[in-house]
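A short worksheet on the structure shown next.
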There are 4 protein chains.
Amino acid sequence: MPSVSHIKIKDGMSILSLAQQMEAVKVLGPGRFGKAARILGDMFRDKNCMKFISLAGPLIPGGLRAVVTDLIERKFIDGIVTTGANVTHDVLEALGHRHIVGTENADDINLRKRGFSRIYDLYITQHSIEALEKATYRMLDRIPEQNRRNIGSFELLREFGGQLKDKNSFLHASKLRGATVFCPGIFDSMLGLHLWTYSRLRPLVVNPLRDFTRLVDMTYERKRVGVIILGGGMPKHQILIANTYRGGVDAAIQITLDRPDGGGFSGAPLEEAISWGKVKTPKKLVTVVGDATIIFPVLALAALQQQRG
Amino acid sequence: MPSVSHIKIKDGMSILSLAQQMEAVKVLGPGRFGKAARILGDMFRDKNCMKFISLAGPLIPGGLRAVVTDLIERKFIDGIVTTGANVTHDVLEALGHRHIVGTENADDINLRKRGFSRIYDLYITQHSIEALEKATYRMLDRIPEQNRRNIGSFELLREFGGQLKDKNSFLHASKLRGATVFCPGIFDSMLGLHLWTYSRLRPLVVNPLRDFTRLVDMTYERKRVGVIILGGGMPKHQILIANTYRGGVDAAIQITLDRPDGGGFSGAPLEEAISWGKVKTPKKLVTVVGDATIIFPVLALAALQQQRG
Amino acid sequence: MPSVSHIKIKDGMSILSLAQQMEAVKVLGPGRFGKAARILGDMFRDKNCMKFISLAGPLIPGGLRAVVTDLIERKFIDGIVTTGANVTHDVLEALGHRHIVGTENADDINLRKRGFSRIYDLYITQHSIEALEKATYRMLDRIPEQNRRNIGSFELLREFGGQLKDKNSFLHASKLRGATVFCPGIFDSMLGLHLWTYSRLRPLVVNPLRDFTRLVDMTYERKRVGVIILGGGMPKHQILIANTYRGGVDAAIQITLDRPDGGGFSGAPLEEAISWGKVKTPKKLVTVVGDATIIFPVLALAALQQQRG
Amino acid sequence: MPSVSHIKIKDGMSILSLAQQMEAVKVLGPGRFGKAARILGDMFRDKNCMKFISLAGPLIPGGLRAVVTDLIERKFIDGIVTTGANVTHDVLEALGHRHIVGTENADDINLRKRGFSRIYDLYITQHSIEALEKATYRMLDRIPEQNRRNIGSFELLREFGGQLKDKNSFLHASKLRGATVFCPGIFDSMLGLHLWTYSRLRPLVVNPLRDFTRLVDMTYERKRVGVIILGGGMPKHQILIANTYRGGVDAAIQITLDRPDGGGFSGAPLEEAISWGKVKTPKKLVTVVGDATIIFPVLALAALQQQRG
């Protein structure tokens, strides 16, 4: 039976070396982190693997916007499945608004009066959310009415990505690089409120079944599909369930603070998904328990450093 | 400054007495549980309060189906916002299938081979999910094609509720009692897969914007709106964001094991929602940290016991 | 294979009926809660079972002091293994001091200035902690010097329990009823600071090895040993490891919010303890995920209601 | 008001650069991780700061043994406060035994029969624990009986550290470099069982009050005290409470998966400790939510990379 190795640190060691030392531990947190780094590195290297990332939780407003955009730019990501909130915050920044450093111990009544809305310890101004309405309407108006009558979120966001001129926007980078952004619950967000009010004035039907067709088409005949799951929720579930038609994904890593015991899908281990045909094999699966806003940048760098040479 | 009281237990004491003893503690878990029981009791008693419950996580397959149905039967619930999974499992049971007692330490490859799919320690047969397809098609066929071309999930589920003849089904009870069931991510479930395949054969467009219109209409002019949040996800967010048009909900309790520090909405305190205009006041808000499948039945009973006399 | 039952609530139903309904669910939270209620009820009924409770986390200041005391009074508990903090707070209340209702969003610098110390949302005055010093010295002085030169925490706390005249004190009730209170880390608390300063002035050696001898003696030849674990930490470990000499405990329930994945003992499942010889069999073991200050009073009542007739 | 920056990753970037990018985010996980890296780097650089590390959870068996030892070797750590388990596992490895790679889904009854004991997904043989007994007795016998009659854990472990000849042992490195190892609950561990049986044969009194005296003496007159808290439990509390005599520690970072809401000390924010006089100021405090076995090696490297030049 193999035994546990111990991490040896050296001052100048790279993130990749550290990840490899962690993988050698083989157990507990380090073993899982190291395995995730290797699976991610292999995924990035594999030209025949269609790569998806799911985004739930405040990743885009919380400092990871450029990380996600950069991976799309470099063509390491083919598909993104995201909450409406992450799309909202990407568009807000693309329009020139900024997220503000606040505190989690805020007086929310007072914040409201002062025109701020809060996500844990960061704020956004209600002013910027109002400005978003005009921009959303403008972007929607530029889409031919014919197309708006039955559109998938992926088509809508490709249009928005084309219209936004911000090189740090993940929507913009996706449009440029041919990555597809799915937002199955797009209406359930501040941007979504603006879609809804628009739909009451002018024709707009966002049809989630179109998204699903596209998602199945993108994955069905691919040699391999790999998934990076940041947070849980519908983004996690959507990408996995779409892969049941091909017998499941080939590789997946997830980073989450949700726990499995309540039985909710967000915290469920990836192995459980095998029983649903959402995942093929336990070999290339790993859950890293942690905050994705901390863990993912480290993992991504370890994976990028495997691409050299 | 008020001081902490201590819970005094007596052998035959009722759940309501215990909840009142807990409220008197005023701090930590007991204080929050007791406060939640009182807010829920007040909500149930208030004829001018429109009452919603959000369902995320395995509540329906995990033993709470009859509890939810019972509250709808008694007209304590006007609206339900649920994940597609909870709808799927309600329909499965209404069709006569059963959830099976399993183990969380299962070999998922083996389960898959034997025809079982797993949610933590309970299983459902793949056979029953296949049977669900036929039933779903049959129920959809009975809806006039004209209606199917642009239908909200709440309209679809009202139809299904009418067609299912199981008095323990929360869809059925909702149809009978005039409660409205919203499933904003309905396609993201096993039932949803069947909706999708159907949509490729025959006309079907499930339009989430219709749901949102209905949800805003149901709440906009009501004197008061109260929300019971079990688990997080889109069900939690959808009901709260729809209330921004009326300045927020008046009362809310949530039961969750998700933690706030990652910044995700599922674990966010309800107070944060004040800054977004989703909640009106901090007075009638409380978060109980715990597993909703344990905590909610106890809370519901304490609230029901307040309705006597 | 058995199938999942659903909880049926009735307005006037007792806590015991609810717990039995939950046990019939068999899976997820309700199954575990119901099983815990039954194991606890069996434990209380079993005259040949030596029953221990471990206390970690703010149970005594947080509203459960009278619950613990009451169970000792009724002779349902033979041994208590506790953190020093819970002893400190029991003595503080016995001396007439009260815990104050505060808020978790306090300004701690300001609190310090105003003379308050904080545990989440409850406060204690620094004044009362200073008063504790005099009381501790007085109680120690009454113990013969000879005995103080090599004393176990259980002997010290039996003395204190005898000197405190508060019928709500669990130390006092333990002394009266012959229950033994162990505090393996007694010096690691506010009371412990006073023991330390005393030890620099007058003879005092608190010897943890005496505690361990007593704990082994209390359990070694008993027919059965059952354990109620509230929170983790050293109290949980101490009682389990002492039982390795008799091949492990016969039954155990634990209530905790700690998670297993980090590998720490506090969140570890009880099954793991079988591999260490700390627990005999998996049959009478269950972990309820939750906040013990909420869950335990409900469980205790369900167990008490099984003792009737 | 400052705004959120976004992390920019570059293939070859160092851990320090990444940590600095994270600190610039200023909010959520990255802001906390980045701040922790800076506080730790400052602490390491500060010759007038007495530096402590607390170890709870399976850090030593779980891959971090050489990391801790290395920091002691380089004189970045002056004091260690640890659980008995981490001492036990350090001695086991020093005696030539190895930790074995297992699985968290083990059959514990079977493991027990095969002679393995389990910590999540790693095993140790019961054979090695038996061998530990002889070694412990041998090491104890070499300590003059006079010293054994009233010994602190720090004195005992200095002796053991001198007798163990393993350069990877943190006990050995501590002895060599003059770092002091405290184990306030040493008897509550497998090593502790052997201390207990020894104490029944030959004179041995391990006196925790001696430890506390030494801990207060080590910190009382120091210009600054900084603390690295890995996991919670008594190690976390012991070092903080000992610093109340000097008005609290000057800087502290903690890494934990425990949550604050239950009110337990392990998950409590460091700010709360200000109200107890255990911490001086909120400026140099930060909690990183995560698994210390993953986060600490990364943080330690970022801090080491700040020491150059």
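The values are calculated or read from the model by the stated rules, or taken from the named source; none is laboratory data. Everything numeric in this text was worked out from a predicted model, so none of it was measured. Note: ideal-geometry Cβ built from the backbone for every residue, glycine included; neighbour counts use all protein chains shown.
Descriptive notes on the structure:
- Given (1) surrounded by fewer than 24 Cβ atoms within 10 Å (Cβ to Cβ); (2) more than 21 Å from C:ILE295 (Cβ to Cβ), number of the condition B:THR287 does not satisfy: (2)
- Residue match in the range A:239-256 (condition: under 17 Å from the mean Cα position of the chain (by Cα), modelled with pLDDT of 95 or more and of a type in the set (D, E, K, R)): no
- Selected residue (criterion: surrounded by the most Cβ atoms within 10 Å (Cβ to Cβ)) from residues of the range C:236-270 that are within 10 Å of chain D (Cβ to nearest Cβ) and among the polar types (S, T, N, Q): C:SER266
- Residues that are within 13 Å of chain B (Cβ to nearest Cβ) and not in a helix (DSSP H, G or I) within the range C:282-298 comprise C:PRO282, C:VAL286, C:THR287, C:VAL288, C:VAL289, C:GLY290, C:ASP291, listed in sequence order.
- Criterion: touching a residue at least 60 places away in the same chain (Cβ under 8 Å) and within 14 Å of chain C (Cβ to nearest Cβ) - qualifying residue of B:LEU140, B:LEU111, B:LEU122: B:LEU122
- Residue match in the range A:196-204 (condition: surrounded by 19 or more Cβ atoms within 10 Å (Cβ to Cβ), without any contact (Cβ under 8 Å) to a residue 12 or more places away in the chain and out of contact with any Ser or Thr (no Cβ under 7 Å at 6 or more places or on another chain)): yes
- Matching residues in the range A:74-84 - criterion: being more than 13 Å from chain D (Cβ to nearest Cβ) and either of a type in the set (D, E, K, R) or assigned to a loop (DSSP other than H, G, I, E, B) (or both): A:LYS75, A:ILE77, A:ASP78, A:THR83
- Unique match (being farther than 27 Å from A:GLY96 by Cα and among the hydrophobic types (A, V, I, L, M, F, W, C)) among A:LEU171, A:LEU215: A:LEU215
Yes or no, residue by residue, for (1) within 14 Å of another protein chain (Cβ to nearest Cβ); (2) part of a helix (DSSP H, G or I); (3) out of contact with any Asp or Glu (no Cβ under 6 Å at 6 or more places or on another chain):
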position: D:ASP42; (1), (2), (3): no, yes, yes
position: D:LYS51; (1), (2), (3): no, no, no
position: D:GLY57; (1), (2), (3): yes, no, yes
position: D:PRO61; (1), (2), (3): yes, yes, yes
position: D:THR69; (1), (2), (3): yes, yes, yes
position: D:ILE72; (1), (2), (3): yes, yes, yes
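- The listed residues are B:ARG148, B:ARG177, and the only one of them that is surrounded by fewer than 19 Cβ atoms within 10 Å (Cβ to Cβ), modelled with pLDDT of 95 or more and basic (Lys, Arg) turns out to be B:ARG177.
- Test for A:ILE239: is it part of a strand (DSSP E or B), closer than 21 Å to A:LEU40 by Cα and not hydroxyl-bearing (Ser, Thr, Tyr): no
- Residue within the range C:129-142 that is polar (S, T, N, Q) and closer than 30 Å to C:ARG74 by Cβ present: yes
- Across the range A:172-201, the qualifying residues are those that are of a type in the set (S, T, N, Q) and within 8 Å of chain B (Cβ to nearest Cβ), and the one among them that is nearest to A:ARG148 (Cα to Cα) is A:SER199.
- Residue match in the range B:95-106 (condition: polar (S, T, N, Q), within 11 Å of chain C (Cβ to nearest Cβ) and either more than 24 Å from the chain's Cα centre (by Cα) or under 21 Å from C:PRO30 (Cβ atoms) (or both)): yes
- Odd one out for C:ALA36 among (1) surrounded by fewer than 24 Cβ atoms within 10 Å (Cβ to Cβ); (2) closer than 17 Å to C:LEU270 by Cβ: (1)
- Candidate set from the range D:28-40 (those that are more than 7 Å from chain A (Cβ to nearest Cβ) and among the small types (Gly, Ala, Ser)); member that is farthest from D:PRO235 (Cα to Cα): D:GLY31
- Boolean, C:ARG114 is in contact with a helix residue (DSSP H, G or I) (Cβ under 6 Å, 6 or more places away or on another chain) and basic (Lys, Arg): no
- Residue that is farthest from C:PRO235 (Cα to Cα) [pool: residues in the range D:271-281 that are in a loop (DSSP other than H, G, I, E, B), modelled with pLDDT of 95 or more and more than 7 Å from chain C (Cβ to nearest Cβ)]: D:LYS280
- Lone qualifier among C:VAL25, C:VAL91, C:VAL87 - being in contact with a strand residue (DSSP E or B) (Cβ under 8 Å, 6 or more places away or on another chain), surrounded by 20 or more Cβ atoms within 10 Å (Cβ to Cβ) and either within 9 Å of another protein chain (Cβ to nearest Cβ) or not small (Gly, Ala, Ser) (or both): C:VAL87
- Within the range D:299-309, being more than 7 Å from chain A (Cβ to nearest Cβ) and either crowded, with 24+ Cβ neighbours inside 10 Å or closer than 22 Å to A:ARG32 by Cα (or both) holds for D:LEU299, D:ALA302, D:ALA303.
- Test: residue in the range D:113-126 that is within 29 Å of D:ASP211 (Cα to Cα) and of a type outside the set (Lys, Arg): yes
- Some residue of the range B:206-225 being crowded, with 23+ Cβ neighbours inside 10 Å, without any contact (Cβ under 8 Å) to a residue 40 or more places away in the chain and either in a helix (DSSP H, G or I) or not acidic (Asp, Glu) (or both): yes
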